[in-house]
1. At 0.36 nm per residue, minus the direct Cα-Cα distance, what do E604 and E464 gain on full extension? Give it in nm, one decimal, please.
2. Give the cross-link partners of K592 among the aspartates and glutamates, using a straight C-alpha distance below 20 Å as the criterion and excluding same-chain residues fewer than 8 apart.
3. Along the positive direction of the dipole of segment 609-668 (beta-carbon charges: Lys, Arg +1; Asp, Glu -1; about the Cα centre), which of H627, Y615, L656 reaches farthest?
4. Which trypsin sites (Lys or Arg not before Pro) in segment 275-332 sit in a loop by DSSP (not H, G, I, E or B) and have at most 13 other Cβ atoms within 10 Å of their own Cβ?
5. With +1 assigned to the C-beta of every Lys and Arg and -1 to the C-beta of every Asp and Glu, and no other charges, what is the dipole magnitude of the chain about the Cα centre in debye, to the nearest 20?
6. How far apart, in nm, are the 7 Å Cα→Cβ label points at R106 and A595?
7. Hey, what do the phi angles of segment 171-184 turn into as Karplus ³J(HN,Hα) couplings, whole Hz, using 6.51/-1.76/1.60 and θ = phi - 60°, x for Gly and Pro?
8. If the chain between Q193 and H121 were fully stretched, how many nm would it gain, using 0.36 nm times the residue separation less the Cα-Cα distance?
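Read-outs: derived from the displayed coordinates by stated rules, not from any lab. All figures in this text were calculated on a predicted structure; none of them were measured in a lab. Here the Cβ is made from the backbone with ideal geometry for all residues, glycine too, and neighbour counts use every protein chain on show.
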Amino acid sequence: MKNINVLPSICYGGDYNPEQWPEEVWYEDAQLMQKAGVNLVSVGIFSWAKIEPQAGIFDFEWLDKVINILYDHGVHVNLSTATASTPAWFVRIYPDSLPVDENGTRLSFGSRQHYCPNHPHLIKHIKKLVRAIAEHYKDHPALKMWHVNNEYACHVSRCYCENCAQAFRKWLKKRYHTIDELNERWGTNFWGQRYNDWDEINPPRKTPTFVNPSQELDYYRFMNDSIFNLFLAEKEILRELTPDIPISTNFMASFKPLNYFQWAEEVDIVTWDSYPDPREGLPVNHAMMNDLMRSLRQGQPFLLMEQVTSHVNWRDINVPKPPGVMRLWSYATIGRGADGIMFFQWRQSRAGAEKFHGAMVSHSGDEHSRVYREVKELGHELSQLDGLVGARIKAEVAILFDWENWWAVELASKPHNKLSYIAIVEHYYRELYKRNIAVDFARPGDDLSKYKVVIAPLLYMIKEREDENLHRFVKNGGTLLMSFFSGIVDENDKVHLGGYPALLRDILGLCVEEFVPIAEGQSNLLQVGGETFECTTWADMIRLEGAQALAVYGEDWYAGHPAVTVHHFGQGKSVYIGTHPESRFVGQLLEKVLAEHHITPPLEVPAKVEVQRRYTENEEYLIIVNHNGHDVQLTLPKDRNYQNVLSGERLHGVKLTVKGIDVVVLKEDKN
């Protein structure tokens with residue numbers, strides 16, 4: 001998949017909300033942006049009520065002024081379609097456009113994202129608005145990108161109103177064709193839930209006890225598709241009127257309701273919003289989400305559309321990023337494939353729910369403040385990294401990630417109802433992160449041939465032909481690491497019969513006869529030779545069918561039973577981990593597997609130092625990020641020449657000092 005470059009340089013800027021300020025501030029903002037090296041801002045995200053103050057009456061005069069001022073100061077726009085919140089006049093005309101929760105309560109106007117995605121008049125008004133905006137600005141030289149809506153489903157990911165009920169029935173008819181097929185796929189003979197007519201089916205509203213999990217799973221799919229259709233309707237108009245302008249919408253970290261692999265197929269460039277908590281220290285989840293976002297479009301560089309300069313406003317305690325950390329995390333994002341760093345927002349709001357959310361310009365408006373100084377310094381530095389635009393990452397390790405599996409594994413009525421898919425995935429990712437091993441994320445049905453190692457954490461759902469894909473990967477020489485509670489159900493959450501995991505028993509060389517969830521606060525032991533490790537959460541009772549035990553349980557009634565196994569299949573092998581081992585065990589296991597495939601990091605570095613390698617057609621870059629508060633010394637390869645991009649210094653086979661809370665960007669000097 002080819003790269004889409006919004007600008008020929010690293011994009012730098014943030015959300016700009018000029019409608020919150022008088023006109024004289026617009027000129028001041030543009031001047032401050034110019035000083036800070038800002039080249040792109042997102043404009044108009046919550047401007048529907050300002051652009052269309054009455055139904056069918058559009059006012060672009062104020063926005064024309066803003067965009068012209070920005071362009072005159074060298075700032076381009078990522079122009080929003082302004083559909084993130086419906087205006088008060090729309091809600092007054094269509095009060096039933098407000099969403100309904102599972103308890104039947106209709107939500108009220110006065111916040112944001114207060115719409116039902118299946119309301120028939122919503123899509124009509126959205127299309128009129130988007131067409132008006134696109135026709136007005138299609139030829140403006142400042143326009144470099146379209147920002148569709150904003151953080152879809154962030155606050156209302158599900159609606160249960162009658163409009164949604166009717167749309168759900170249509171969606172089900174298209175998926176299953178006949179009511180008999182639906183009954184079979186949903187297993188409705190259980191608890192007498194059989195349907196004889198489509199009109200008998202409702203959304204999974206509040207029920208006396210567990211909802212049918214197959215119905216619940218399909219409602220996840222339906223609501224994802226309903227919201228996705230809103231995006232597609234806008235995209236169709238924008239593509240028609242501005243065929244050469246990239247189109248995107250901002251994704252979010254660890255966001256469960258929307259299948260971003262599906263969405264990424266329809267955006268031109270992935271953009272996402274990231275707000276790691278400074279209290280948590282090393283931002284491993286932030287790194288993991290960067291890798292996931294890069295993977296959504298097969299390695300195409302992405303943009304970080306939102307981060308905060310200092311502190312957010314919506315946590316219990318909103319700790320600011322200490323000096324230097326905003327810069328540090330920005331470079332960590334670039335190291336993992338970003339071609340742009342953006343913020344929410346440019347100027348700190350004076351009113352509203354986010355007035356204490358940090359910004360590039362604070363309430364003081366003082367360009368000598370710590371935050372603005374850091375913003376300005378970063379902007380000037382990033383202007384030296386234009387050669388990085390479009391650079392990619394080459395990974396030999398992939399982690400399988402599937403949104404539908406996420407939805408299914410966390411539905412209620414499981415042997416263990418506190419399983420966190422993201423937490424299990426991160427448990428394996430963390431050990432690769434600590435070792436600076438490049439990681440892609442892939443779906444179970446994707447082409448895995450370019451990887452040497454594939455990790456499948458908690459792959460509860462195996463859909464049609466995905467088992468064949470995993471067989472092919474192992475048979476052709478790959479190593480598959482699979483965790484507990486994997487290969488259990490099909491796409492409708494119906495159990496694959498024939499002993500767990502039925503479709504994968506041959507490549508794993510085992511049968512799981514029984515699940516033993518481990519209570520919170522309790523643990524067991526793994527015994528590997530003379531070494532002992534802790535394990536928690538889950539224990540599979542494994543019967544070997546050709547596999548060999550790498551570790552056995554050390555305690556309880558299943559002491560001595562296999563816990564971790566290895567099995568050779570074709571030219572490759574599979575490792576099955578039937579419990580949740582401590583990180584030390586996972587790290588040692590991965591080190592052995594990586595060594596077998598000669599997978600190594602770009603540099604050997606101390607703990608808490610990130611190193612990622614990005615490639616262009618002719619150049620190679622190393623982005624080194626030192627999260628430690630102290631200096632570290634690194635040894636560069638003797639057979640390579642580098643140039644420090646930020647300082648200009650040339651380096652060859654020397655000791656490199658990276659200061660505490662600092663970064664170094666090296667470009668290999670081929671000459």
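1. This chain segment gains 46.2 nm when fully extended.
2. The qualifying aspartates and glutamates are E396, E426, E431, D440, E531, E534, E582, E604.
3. L656
4. R315
5. Values: 70 positive and 88 negative charges, 87 e Å.
That gives the chain a dipole magnitude of about 420 debye.
6. 6.6 nm
7. 4, 5, 4, 5, 7, 10, 6, 10, 5, 5, 5, 4, 4, 5
8. Numbers: separation 72, 0.36 × 72 = 25.92 nm, distance 3.33 nm.
Using 0.36 nm per residue and subtracting the Cα-Cα distance, I get 22.6 nm.
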